[in-house]
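The values are calculated or read from the model by the stated rules, or taken from the named source; none is laboratory data. Model, not experiment: these values are computed from the prediction. Ideal geometry is used to build each Cβ from the backbone, glycine not excepted, and the neighbour counts take in all protein chains shown. Quick note on the areas: whole protein, heavy atoms, side chains included, nothing else; ligands and nucleic acids left out. Shrake-Rupley method; radii C 1.70, N 1.55, O 1.52, S 1.80 Å.
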Amino acid sequence: MKSINTDKAPKAIGPYVQGNIVNGLLFASGQVPLSPETGEVVGTTIEEQAEQVLKNIAAILEEAGSDFDHVVKTTCFLKNMNDFVAFNEVYAKAFTNQLPARSAVEVARLPKDVLVEIEIIASINQ
């Protein structure tokens, strides 16, 4: 197992890593809309927060030698399912060629009271 660590995505705010590569797959920890530079929440709307989450995911994918076209599965946690349509508009911009399988659920609360968290599984080029 190889752990992924990049300063282009937020540092873990608990006892975990940004991601682990096992058998050609990247298992990335859930990303919330934190600035990698400050650790503070970016944005107040679902659109702004989703954009930051996807930037953080892109940085982890790049560090692992992958990209959004190789994301196999996402799990999306939304604070409010009423944000689903607006979230999808931002989410769709990241997946232009190959769509992953996905689960999307509403949750009672997320770290730092953010509106969205996304975790991914992606294939990597070894």
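What the table below lists for this structure:
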read-out	value
Spin-label zone in region 11-51 - amide nitrogen under 20 Å from a point set 7 Å from the Cα of THR96 along the C-beta vector	48, 50-51
R0 of 25 Å, Cβ-Cβ distance SER123-ALA12: FRET efficiency to nearest 0.05	0.65
Nearby aspartates and glutamates by direct alpha-carbon distance to LYS2 (threshold 12 angstrom, same-chain neighbours under 8 apart not counted)	GLU63
Förster-model FRET efficiency, 30 Å R0, ASP113 and GLU62, C-beta, rounded to 0.05	0.60
Accessible surface of the chain, 1.4 Å probe, proportion on carbon and sulfur as whole %	51 percent
Charge dipole magnitude, Cβ of K and R +1, D and E -1 - region 48-93, Cα centre, debye nearest 20	180 debye
Mean accessible surface per residue for region 43-126, computed with a 1.4 Å probe while every protein chain stays in place, in Å²	52 Å²
Region 32-84 versus region 86-126: alpha-carbon centroid distance in Å	7 Å
